[in-house]
Amino acid sequence: MLRDVVTGDLPMYRRLLCNPMTMAQLGGPLDPDDMPAKVGRDVRDVLLDRAWILTIVPDGRHPAERAGSVVLWRQTDGGTTHSELGWMVLPEYQRRGLATAALRSLVERADADGRWGDLHAFPGVTNAASNALCRRLGFDLVGTTVVRYADRDLAVHHWRRPALAAAQRSRRTRSGSSPG
Ligand SMILES: CC(C)(COP(=O)(O)OP(=O)(O)OC[C@H]1O[C@@H](n2cnc3c(N)ncnc32)[C@H](O)[C@@H]1OP(=O)(O)O)[C@@H](O)C(=O)NCCC(=O)NCCS
């Protein structure tokens with residue numbers, strides 16, 4: 001199950017973003033003191049509908065349990081803007097298919113919403129799990145590039161999922177609304 005981020009997710013942010021293990025492919029851990037401001041910005045972006053920042057709840061019967069997060073936002077880079085996906089799962093929940101299920105659900109929502117266009121992802125070139133995830137979800141490998149993340153340069157693979165399903169969705173809507 002996915003739900004919007006809330007300020008109460010701060011401990012999970014610290015465990016995800018300030019952890020040498022989960023941040024190994026992202027240039028190393030972030031400063032725990034920066035996390036309250038980051039959660040605050042994320043909650044605000046969700047309230048303003050500028051980004052989808054979703055916490056993964058592994059079992060709906062235990063809504064207080066948190067396994068990680070998946071994110072979709074508009075990223076501006078060198079004068080152009082694209083829709084970008086990100087994901088993180090706490091170590092004790094990894095390798096259970098949670099990231100795959102959460103991302104699949106997020107991509108389906110993006111298709112249904114229709115505003116996001118092509119979806120892009122930029123996992124580190126040595127990030128085996130994240131590159132497997134992109135492949136599994138049917139993203140196309142565009143190439144290799146360098147991105148700036150949290151004041152560090154990362155060598156990444158660029159994956160893209162064309163917004164084909166959105167076009168199919170609008171075709172379906174048109175044919176569904178015709179009187180026949
Ligand atoms: C990437 C990450 C979210 C995957 O989460 P997860 O819930 O364990 O992923 P899943 O169980 O859904 O597995 C996804 C794929 O990754 C593979 N995988 C998972 N962990 C792996 C590992 N340590 N090494 C190699 N492959 C791995 C799985 O086999 C699966 O591939 P498949 O579909 O071809 O079988 C998790 O490893 C993580 O949080 N990493 C640190 C944060 C990070 O690097 N985020 C990415 C930023 S772009």
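Of 46, 107, all but one fail to be under 15 Å from the mean Cα position of the chain (by Cα), more than 16 Å from the ligand (Cβ to nearest atom) and not aromatic (Phe, Trp, Tyr); the exception is 46. Total residues in the range 84-104 satisfying the condition of being outside any helix (DSSP H, G or I), touching a strand residue (DSSP E or B) at 6+ places or on another chain (Cβ under 6 Å) and near the ligand (Cβ under 7 Å from one of its atoms): the figure is 4.
Against the list (1) out of contact with any Phe, Trp or Tyr (no Cβ under 9 Å at 6 or more places or on another chain); (2) in a strand (DSSP E or B); (3) crowded, with 16+ Cβ neighbours inside 10 Å, the condition residue 111 fails is (2). Each residue in the range 131-149 was checked for being exposed (fewer than 15 other Cβ atoms within 10 Å of the Cβ), touching a strand residue (DSSP E or B) at 6+ places or on another chain (Cβ under 7 Å) and within 20 Å of residue 111 (Cβ to Cβ), and 3 of them qualify. Checking each residue in the range 117-130 for being surrounded by 12 or more Cβ atoms within 10 Å (Cβ to Cβ) and either at pLDDT below 95 or among the small types (Gly, Ala, Ser) (or both) picks out 117, 121, 124, 129, 130. The residue list 77, 31, 59 contains one member that is surrounded by fewer than 16 Cβ atoms within 10 Å (Cβ to Cβ), closer than 28 Å to residue 140 by Cβ and more than 11 Å from the ligand (Cβ to nearest atom), which is 77.
The values are calculated or read from the model by the stated rules, or taken from the named source; none is laboratory data. These numbers were taken from a predicted model, which means no experiment stands behind them. Glycine also receives a Cβ, built like all others from the backbone with ideal geometry; neighbour counts cover every protein chain displayed.
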